[in-house]
Amino acid sequence: MNISAYLDKLRWESLVSNLCFSQCPEAVRLFYVNLRRGPGSDPSFFTTLVYDYEIKVTPDLLASVLDIPHASIRAGTGSEFHHFGFRFDQALGSLVHDIGRWFPSQLAAGRLPDDLKVLFFFLTRWFLPRDLAGADIIHSPDLWVLFNARAVHRISYASLMFQHMIKFGTEYYGGPLPFGPQISRFLYRLGIDLRDKVIVCDVLDNLRPQHVLERVDALVGPRKPVTGSGGVQSQQQLAASALVNAAAATYKQKAGAQSGPKRRLMIEQDLMLPKFVYESHQISDPISPDSNSGDENDRVSSYASPPNYPF
(Lines give C-alpha, C1' and ligand atoms only; values in the text may rest on other atoms or scores of the structure.)
Protein backbone atom coordinates (compact mmCIF):
# COMPACT_ATOMS: atom_id res chain seq x y z
CA MET A 1 0.00 0.00 0.00
CA ASN A 2 1.77 3.09 -1.27
CA ILE A 3 0.04 5.75 0.80
CA SER A 4 2.65 8.36 -0.10
CA ALA A 5 1.48 8.10 -3.72
CA TYR A 6 -1.95 9.37 -2.66
CA LEU A 7 -0.36 12.33 -0.89
CA ASP A 8 1.65 13.06 -4.02
CA LYS A 9 -1.54 13.02 -6.10
CA LEU A 10 -3.19 15.47 -3.71
CA ARG A 11 0.04 17.52 -3.60
CA TRP A 12 0.04 17.12 0.19
CA GLU A 13 3.49 15.56 0.53
CA SER A 14 4.81 18.66 2.33
CA LEU A 15 2.41 17.98 5.23
CA VAL A 16 4.43 14.97 6.35
CA SER A 17 7.92 16.31 5.76
CA ASN A 18 8.47 16.85 9.50
CA LEU A 19 6.44 15.01 12.13
CA CYS A 20 8.40 16.26 15.15
CA PHE A 21 6.77 19.45 16.32
CA SER A 22 6.22 21.89 19.17
CA GLN A 23 2.99 23.28 20.49
CA CYS A 24 1.70 25.65 23.16
CA PRO A 25 -1.48 24.14 24.70
CA GLU A 26 -2.38 27.41 26.45
CA ALA A 27 -2.27 29.44 23.24
CA VAL A 28 -4.22 26.78 21.35
CA ARG A 29 -6.94 26.82 24.02
CA LEU A 30 -7.21 30.62 23.82
CA PHE A 31 -7.31 30.42 20.03
CA TYR A 32 -10.43 28.23 20.11
CA VAL A 33 -12.13 29.85 23.13
CA ASN A 34 -12.03 33.28 21.45
CA LEU A 35 -12.80 32.11 17.92
CA ARG A 36 -15.59 34.16 16.31
CA ARG A 37 -17.05 34.15 12.84
CA GLY A 38 -16.91 37.32 10.75
CA PRO A 39 -19.63 40.00 10.83
CA GLY A 40 -22.94 38.56 9.69
CA SER A 41 -21.41 35.07 9.89
CA ASP A 42 -19.21 35.82 6.90
CA PRO A 43 -17.85 32.38 5.92
CA SER A 44 -14.65 33.79 4.40
CA PHE A 45 -12.88 34.52 7.68
CA PHE A 46 -13.03 34.31 11.46
CA THR A 47 -11.30 36.27 14.21
CA THR A 48 -9.64 35.13 17.41
CA LEU A 49 -7.95 36.77 20.38
CA VAL A 50 -4.71 35.32 21.81
CA TYR A 51 -2.69 37.18 24.45
CA ASP A 52 -4.32 40.52 23.44
CA TYR A 53 -3.53 39.88 19.76
CA GLU A 54 -6.67 39.97 17.61
CA ILE A 55 -6.13 37.93 14.47
CA LYS A 56 -8.25 37.70 11.32
CA VAL A 57 -7.86 34.19 9.93
CA THR A 58 -8.56 33.15 6.34
CA PRO A 59 -7.58 30.10 4.30
CA ASP A 60 -5.20 32.29 2.30
CA LEU A 61 -3.47 33.46 5.49
CA LEU A 62 -3.15 29.90 6.80
CA ALA A 63 -1.62 28.80 3.52
CA SER A 64 0.78 31.72 3.38
CA VAL A 65 2.00 31.58 6.99
CA LEU A 66 2.14 27.78 7.33
CA ASP A 67 3.18 27.05 3.74
CA ILE A 68 0.47 24.41 3.32
CA PRO A 69 -1.21 23.29 0.05
CA HIS A 70 -3.83 25.72 -1.25
CA ALA A 71 -3.66 25.24 -5.01
CA SER A 72 -6.24 24.04 -7.53
CA ILE A 73 -9.65 23.08 -6.06
CA ARG A 74 -10.42 25.24 -3.00
CA ALA A 75 -13.34 23.79 -1.08
CA GLY A 76 -14.00 23.05 2.58
CA THR A 77 -17.75 22.51 3.01
CA GLY A 78 -20.35 20.15 1.57
CA SER A 79 -21.93 22.86 -0.55
CA GLU A 80 -18.53 23.80 -1.97
CA PHE A 81 -17.76 20.15 -2.73
CA HIS A 82 -21.10 19.91 -4.54
CA HIS A 83 -20.25 23.04 -6.56
CA PHE A 84 -17.24 21.19 -8.00
CA GLY A 85 -19.37 18.23 -9.09
CA PHE A 86 -18.80 16.05 -6.03
CA ARG A 87 -21.74 13.79 -5.19
CA PHE A 88 -21.44 12.12 -1.80
CA ASP A 89 -23.49 9.00 -2.53
CA GLN A 90 -21.79 8.37 -5.85
CA ALA A 91 -18.33 8.85 -4.38
CA LEU A 92 -19.14 6.58 -1.44
CA GLY A 93 -20.43 3.86 -3.76
CA SER A 94 -17.26 4.02 -5.84
CA LEU A 95 -14.93 3.53 -2.87
CA VAL A 96 -16.56 1.26 -0.28
CA HIS A 97 -17.48 -2.36 -0.82
CA ASP A 98 -19.05 -5.31 0.96
CA ILE A 99 -16.32 -7.28 2.73
CA GLY A 100 -18.65 -9.90 4.15
CA ARG A 101 -18.99 -8.32 7.57
CA TRP A 102 -21.77 -6.42 9.26
CA PHE A 103 -21.23 -2.75 10.13
CA PRO A 104 -23.59 -0.53 12.14
CA SER A 105 -23.44 2.17 9.45
CA GLN A 106 -23.01 2.36 5.71
CA LEU A 107 -20.48 5.11 6.45
CA ALA A 108 -18.20 2.83 8.49
CA ALA A 109 -14.55 3.18 7.50
CA GLY A 110 -14.18 -0.60 7.76
CA ARG A 111 -15.88 -0.90 4.36
CA LEU A 112 -13.01 0.93 2.65
CA PRO A 113 -10.23 -0.98 0.86
CA ASP A 114 -7.07 -1.42 2.94
CA ASP A 115 -5.08 1.40 1.34
CA LEU A 116 -7.84 3.93 1.93
CA LYS A 117 -8.34 2.62 5.48
CA VAL A 118 -4.73 3.55 6.24
CA LEU A 119 -5.08 6.96 4.57
CA PHE A 120 -8.30 7.49 6.57
CA PHE A 121 -6.41 6.56 9.77
CA PHE A 122 -3.97 9.43 9.26
CA LEU A 123 -6.71 11.71 7.98
CA THR A 124 -8.66 11.43 11.24
CA ARG A 125 -5.58 11.67 13.48
CA TRP A 126 -3.32 14.14 11.74
CA PHE A 127 -4.69 15.92 8.67
CA LEU A 128 -8.24 16.55 9.98
CA PRO A 129 -7.99 15.34 13.61
CA ARG A 130 -11.12 14.72 15.64
CA ASP A 131 -12.54 13.09 18.73
CA LEU A 132 -11.66 9.42 18.30
CA ALA A 133 -15.11 8.40 19.55
CA GLY A 134 -16.32 9.13 16.02
CA ALA A 135 -13.15 8.43 14.07
CA ASP A 136 -14.52 5.31 12.37
CA ILE A 137 -17.27 7.15 10.46
CA ILE A 138 -16.65 8.68 7.04
CA HIS A 139 -17.72 12.33 6.95
CA SER A 140 -18.10 14.50 3.89
CA PRO A 141 -14.61 16.13 4.07
CA ASP A 142 -13.06 12.66 4.56
CA LEU A 143 -14.76 11.29 1.49
CA TRP A 144 -13.80 14.41 -0.45
CA VAL A 145 -10.13 13.73 0.31
CA LEU A 146 -10.29 9.98 -0.35
CA PHE A 147 -12.17 10.41 -3.61
CA ASN A 148 -9.79 13.06 -4.96
CA ALA A 149 -6.77 11.02 -3.90
CA ARG A 150 -8.07 8.17 -6.07
CA ALA A 151 -9.09 10.52 -8.89
CA VAL A 152 -5.70 12.34 -8.84
CA HIS A 153 -7.11 15.81 -8.20
CA ARG A 154 -5.16 18.51 -6.39
CA ILE A 155 -7.23 19.98 -3.57
CA SER A 156 -6.67 22.72 -1.01
CA TYR A 157 -5.66 21.57 2.45
CA ALA A 158 -5.86 25.13 3.78
CA SER A 159 -9.59 25.32 2.94
CA LEU A 160 -10.28 22.04 4.73
CA MET A 161 -8.20 23.05 7.74
CA PHE A 162 -10.01 26.41 7.98
CA GLN A 163 -13.46 24.81 8.02
CA HIS A 164 -12.31 22.09 10.42
CA MET A 165 -11.16 24.76 12.88
CA ILE A 166 -14.60 26.38 12.75
CA LYS A 167 -16.44 23.09 13.22
CA PHE A 168 -14.49 21.95 16.26
CA GLY A 169 -14.06 25.44 17.65
CA THR A 170 -17.80 26.05 17.96
CA GLU A 171 -19.15 22.58 18.80
CA TYR A 172 -18.46 20.22 21.68
CA TYR A 173 -15.20 18.39 21.17
CA GLY A 174 -14.15 15.65 23.56
CA GLY A 175 -10.57 15.05 22.39
CA PRO A 176 -7.43 17.20 22.28
CA LEU A 177 -8.08 20.38 20.33
CA PRO A 178 -7.10 19.85 16.68
CA PHE A 179 -4.14 21.44 14.91
CA GLY A 180 -2.28 22.28 18.12
CA PRO A 181 1.19 22.25 16.50
CA GLN A 182 0.01 24.13 13.41
CA ILE A 183 -1.79 26.80 15.44
CA SER A 184 1.24 27.27 17.69
CA ARG A 185 3.51 27.69 14.68
CA PHE A 186 0.95 30.00 13.04
CA LEU A 187 0.82 32.30 16.10
CA TYR A 188 4.58 32.31 16.51
CA ARG A 189 5.13 33.30 12.89
CA LEU A 190 2.63 36.14 13.30
CA GLY A 191 4.87 37.55 16.03
CA ILE A 192 3.34 36.16 19.24
CA ASP A 193 6.16 35.12 21.57
CA LEU A 194 5.46 31.58 22.77
CA ARG A 195 8.92 30.80 24.10
CA ASP A 196 9.02 29.02 27.45
CA LYS A 197 5.42 27.92 26.87
CA VAL A 198 5.87 25.19 24.28
CA ILE A 199 6.20 21.45 24.60
CA VAL A 200 7.89 19.22 22.04
CA CYS A 201 6.30 15.98 20.91
CA ASP A 202 6.66 13.38 18.19
CA VAL A 203 3.58 11.16 18.31
CA LEU A 204 4.71 9.08 15.34
CA ASP A 205 8.20 8.36 16.67
CA ASN A 206 7.41 4.75 17.60
CA LEU A 207 4.48 4.13 15.28
CA ARG A 208 5.02 0.97 13.27
CA PRO A 209 3.16 -0.17 10.15
CA GLN A 210 1.87 -3.39 11.69
CA HIS A 211 0.07 -1.46 14.42
CA VAL A 212 -1.61 0.83 11.91
CA LEU A 213 -2.78 -2.23 9.99
CA GLU A 214 -4.02 -3.80 13.21
CA ARG A 215 -5.77 -0.61 14.31
CA VAL A 216 -7.64 -0.22 11.01
CA ASP A 217 -8.42 -3.97 10.89
CA ALA A 218 -6.74 -4.38 7.52
CA LEU A 219 -7.20 -7.61 5.58
CA VAL A 220 -3.43 -7.82 5.09
CA GLY A 221 -0.57 -7.67 7.55
CA PRO A 222 0.12 -9.50 10.80
CA ARG A 223 -2.64 -11.27 12.67
CA LYS A 224 -2.32 -11.72 16.41
CA PRO A 225 -2.95 -15.15 17.94
CA VAL A 226 -5.65 -15.41 20.58
CA THR A 227 -4.12 -16.31 23.95
CA GLY A 228 -5.51 -16.69 27.43
CA SER A 229 -4.37 -14.73 30.46
CA GLY A 230 -1.58 -16.60 32.23
CA GLY A 231 -1.88 -19.51 29.82
CA VAL A 232 -5.41 -20.37 31.01
CA GLN A 233 -8.17 -20.25 28.44
CA SER A 234 -11.48 -18.65 29.33
CA GLN A 235 -14.80 -20.37 28.66
CA GLN A 236 -15.33 -18.07 25.68
CA GLN A 237 -11.94 -19.00 24.26
CA LEU A 238 -12.63 -22.72 24.78
CA ALA A 239 -15.93 -22.36 22.95
CA ALA A 240 -14.23 -20.39 20.18
CA SER A 241 -11.54 -23.07 19.95
CA ALA A 242 -14.15 -25.78 19.48
CA LEU A 243 -15.87 -23.77 16.74
CA VAL A 244 -12.53 -23.12 15.05
CA ASN A 245 -11.67 -26.82 15.05
CA ALA A 246 -15.07 -27.70 13.59
CA ALA A 247 -14.69 -25.03 10.90
CA ALA A 248 -11.19 -26.23 10.08
CA ALA A 249 -12.30 -29.86 9.77
CA THR A 250 -15.20 -28.89 7.49
CA TYR A 251 -12.97 -26.69 5.40
CA LYS A 252 -10.30 -29.38 4.92
CA GLN A 253 -12.91 -32.00 4.06
CA LYS A 254 -14.51 -29.83 1.39
CA ALA A 255 -11.15 -28.69 0.03
CA GLY A 256 -9.93 -32.26 -0.35
CA ALA A 257 -12.95 -33.15 -2.44
CA GLN A 258 -12.38 -30.38 -4.96
CA SER A 259 -9.60 -29.37 -7.33
CA GLY A 260 -8.72 -26.63 -9.76
CA PRO A 261 -11.18 -23.71 -10.26
CA LYS A 262 -13.88 -25.36 -8.14
CA ARG A 263 -11.53 -25.58 -5.17
CA ARG A 264 -10.55 -21.92 -5.63
CA LEU A 265 -14.22 -20.88 -5.70
CA MET A 266 -14.89 -22.91 -2.56
CA ILE A 267 -11.95 -21.22 -0.79
CA GLU A 268 -13.22 -17.77 -1.74
CA GLN A 269 -16.68 -18.63 -0.42
CA ASP A 270 -15.20 -19.90 2.83
CA LEU A 271 -13.61 -16.51 3.48
CA MET A 272 -16.93 -15.80 5.17
CA LEU A 273 -15.68 -17.78 8.20
CA PRO A 274 -15.75 -15.77 11.46
CA LYS A 275 -12.91 -13.28 11.77
CA PHE A 276 -11.41 -14.97 14.85
CA VAL A 277 -10.89 -18.18 12.85
CA TYR A 278 -7.97 -16.56 11.05
CA GLU A 279 -6.78 -14.46 13.99
CA SER A 280 -6.48 -17.56 16.17
CA HIS A 281 -3.94 -19.15 13.77
CA GLN A 282 -5.67 -22.48 14.32
CA ILE A 283 -6.50 -22.31 10.63
CA SER A 284 -4.52 -20.24 8.14
CA ASP A 285 -5.93 -17.64 5.81
CA PRO A 286 -6.78 -19.84 2.76
CA ILE A 287 -5.45 -17.42 0.14
CA SER A 288 -2.56 -15.96 2.11
CA PRO A 289 0.76 -16.52 0.27
CA ASP A 290 2.30 -17.93 3.44
CA SER A 291 -0.73 -19.93 4.60
CA ASN A 292 1.12 -23.23 4.40
CA SER A 293 4.66 -22.26 5.28
CA GLY A 294 6.85 -19.78 7.10
CA ASP A 295 7.61 -18.95 10.66
CA GLU A 296 4.55 -18.21 12.80
CA ASN A 297 6.28 -15.12 14.18
CA ASP A 298 6.33 -13.60 10.71
CA ARG A 299 2.66 -12.75 11.11
CA VAL A 300 2.85 -11.41 14.67
CA SER A 301 3.85 -7.95 15.85
CA SER A 302 7.48 -7.56 16.92
CA TYR A 303 6.28 -5.91 20.14
CA ALA A 304 5.57 -8.02 23.21
CA SER A 305 2.50 -5.81 23.56
CA PRO A 306 1.37 -2.85 21.44
CA PRO A 307 2.40 0.60 22.68
CA ASN A 308 -0.31 2.67 24.32
CA TYR A 309 -0.80 5.20 21.54
CA PRO A 310 -3.08 8.17 22.25
CA PHE A 311 -4.71 7.57 18.89
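The set of residues in the range 19-45 being in contact (Cβ under 8 Å) with a residue 60 or more places away in the chain and not hydrophobic (A, V, I, L, M, F, W, C) consists of 22, 23, 25, 26, 29, 32, 37. Of everything listed in (1) farther than 17 Å from residue 189 by Cα; (2) open to solvent by less than 80 Å² (accessible area, probe 1.4 Å), the single unmet condition for residue 31 is (1).
Residue 197 meets the conditions (1) open to solvent by less than 10 Å² (accessible area, probe 1.4 Å); (2) touching a Cys at 6+ places or on another chain (Cβ under 8 Å); (3) in a loop (DSSP other than H, G, I, E, B) in every case but one. The failed one is (1). If the condition is being free of Cβ contacts under 8 Å to residues at least 60 places away in the same chain and either under 16 Å from residue 9 (Cβ atoms) or assigned to a helix (DSSP H, G or I) (or both), then the range 127-149 contributes 133, 134, 142, 143, 146.
The number of residues in the range 75-89 that are within 17 Å of residue 152 (Cα to Cα) and surrounded by fewer than 17 Cβ atoms within 10 Å (Cβ to Cβ) comes to 3.
All of (1) more than 15 Å from residue 163 (Cα to Cα); (2) surrounded by 15 or more Cβ atoms within 10 Å (Cβ to Cβ); (3) not charged (D, E, K, R) hold for residue 64 with one exception: (2). If you go through the range 60-89 and keep only what is of a type in the set (Asp, Glu) and either on the phi > 0 side of the Ramachandran plot or in contact with an Asp or Glu (Cβ under 7 Å, 6 or more places away or on another chain) (or both), you end up with just 67.
Can you tell me which residues in the range 46-105 are aliphatic (A, V, I, L, M), in a strand (DSSP E or B) and in contact (Cβ under 8 Å) with a residue 40 or more places away in the chain? Listed by number, the residues that qualify are 50, 55, 57, 73. Among what's in the range 153-178 and is modelled with pLDDT of 90 or more and not in a helix (DSSP H, G or I), pick the residue that is farthest from residue 112 (Cα to Cα). Per the stated criteria, the residue is 156.
Do we find that residue 37 is closer than 13 Å to residue 144 by Cβ, open to solvent by 50 Å² or more (accessible area, probe 1.4 Å) and among the basic types (Lys, Arg) in this structure? No; evaluated as a whole, the condition is false for this residue. Of the candidates 100, 134, the single residue that is modelled with pLDDT under 90, open to solvent by 10 Å² or more (accessible area, probe 1.4 Å) and closer than 26 Å to residue 82 by Cβ is 134.
The values are calculated or read from the model by the stated rules, or taken from the named source; none is laboratory data. What you see is a predicted model, and the numbers here were worked out from it, not measured in a lab. Don't worry about glycine lacking a Cβ; one is built from the backbone with ideal geometry, like all the others, and counts go over all protein chains shown. For accessibility, only protein heavy atoms count, side chains too; no ligands or nucleic acids. Shrake-Rupley method; radii C 1.70, N 1.55, O 1.52, S 1.80 Å.
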